[in-house]
1. Looking only at segment 122-177, which residues are of a type in the set (Asp, Glu) and more than 12 Å from the ligand (Cβ to nearest atom)?
2. Restricting the search to segment 88-103, which residues are more than 8 Å from the ligand (Cβ to nearest atom) and surrounded by 13 or more Cβ atoms within 10 Å (Cβ to Cβ)?
3. Mind listing whichever residues of segment 48-68 are among the acidic types (Asp, Glu) and either within 14 Å of the ligand (Cβ to nearest atom) or surrounded by fewer than 17 Cβ atoms within 10 Å (Cβ to Cβ) (or both)?
4. Is it the case that GLY71 is within 18 Å of LYS10 (Cα to Cα), surrounded by 15 or more Cβ atoms within 10 Å (Cβ to Cβ), modelled with pLDDT under 95 and within 10 Å of the ligand (Cβ to nearest atom)?
5. Hey, among GLU104, GLU128, GLU135, which residue is acidic (Asp, Glu), over 28 Å from ILE3 (Cα atoms) and at pLDDT 95 or above?
6. Here are LEU193, LEU182: which of them is over 26 Å from ARG87 (Cβ atoms), in contact (Cβ under 8 Å) with a residue 24 or more places away in the chain and more than 10 Å from the ligand (Cβ to nearest atom)?
7. Which members of segment 32-66 meet the condition of being under 23 Å from ALA183 (Cα atoms) and basic (Lys, Arg)?
8. Conditions: (1) open to solvent by 60 Å² or more (accessible area, probe 1.4 Å); (2) at pLDDT below 85; (3) within 11 Å of the ligand (Cβ to nearest atom); (4) of a type outside the set (Lys, Arg). SER21 meets all but one. Number of the miss?
Amino acid sequence: MKIFLATGNKHKIEEIKKIFSREDIEILSIKDGIEIPEVIEDGKTFEENSKKKALEISKFTNMITIADDSGICVEALGGAPGVYSARYSGENATDESNNKKLIENLKGIENRNAKFVCVITLAKPTGETYSFTGEISGEIIDEPRGKFGFGYDPYFYVKEYGKTTAEMEDFKNKISHRARALAKLKENLDNILK
Ligand code: IMP
């Protein structure tokens with residue numbers, strides 16, 4: 001069976017492919033030369049955005065499609081940047097500019113609690129959707145550590161492991177918000193595909 005992965009983020013494609021490997025399923029993505037339209041992420045929640053992406057792309061490709069929406073929620077900032085994580089520092093945001101803004105906004109603030117959140121949705125071309133949420137808690141540190149991952153990883157410190165998610169290489173794929181959401185989808189997959 002073929003399942004299409006609706007994300008343009010190459011890091012996410014790699015992470016999700018590694019986590020989701022199953023012999024009877026072939027995961028396709030834009031890396032296989034399939035072009036997809038851009039979906040406007042105008043939802044107020046991760047779930048709304050994830051559902052919208054999965055549904056629109058599933059209708060477009062006519063394949064069962066998995067999409068995710070994810071981001072970082074910082075307690076002292078009232079849950080920001082949340083669904084705006086990718087464009088926290090504006091239209092032309094980069095990981096560097098986003099991280100810079102985050103650290104500036106946390107200057108002098110003691111509470112560094114944060115969580116990565118991911119909602120994975122599987123959509124069928126017939127319109128049914130199935131969404132699953134995963135989270136991982138951590139703290140924002142002021143100096144970057146580690147070279148793996150992407151986005152806010154170098155600043156996201158997980159106390160339990162004494163490392164940022166950018167210092168974890170493949171281990172991140174076992175414990176991350178995305179891994180946890182995908183694990184739930186995997187558990188339910190046979191029922192969903194019945
Ligand atoms: P989107 O899900 O493509 O809308 O983007 C989510 C944004 O949240 C990314 O561009 C990153 O800035 C951030 N983000 C999501 N997941 C991770 C992660 O695993 N590590 C670091 N940053 C992440």
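1. Taking segment 122-177 as the starting set, the residues that turn out to be of a type in the set (Asp, Glu) are 128, 135, 139, 142-143, 153, 160, 167, 169-170.
Of everything in segment 122-177, those that are of a type in the set (Asp, Glu) and more than 12 Å from the ligand (Cβ to nearest atom) turn out to be GLU128, GLU139, ASP142, GLU143, GLU160, GLU167, GLU169, ASP170.
2. Result: SER89, ALA93, SER97, ASN99, LYS100, LYS101, LEU102, ILE103.
3. Across segment 48-68, the qualifying residues are GLU48, ASP68.
4. Judged against the criteria, GLY71 is not a match.
5. Checking each option against the conditions leaves just GLU104.
6. LEU193
7. Matches in segment 32-66: LYS51, LYS52, LYS53.
8. It fails just one condition, (3).
The values are calculated or read from the model by the stated rules, or taken from the named source; none is laboratory data. None of the values given here were measured: they were computed from a predicted structure. No Cβ is skipped: glycine too gets one built from the backbone with ideal geometry, and neighbour counts run over all protein chains shown. These accessible areas exclude ligands, DNA and RNA; they are computed on the full protein's heavy atoms, side chains included. Shrake-Rupley method; radii C 1.70, N 1.55, O 1.52, S 1.80 Å.
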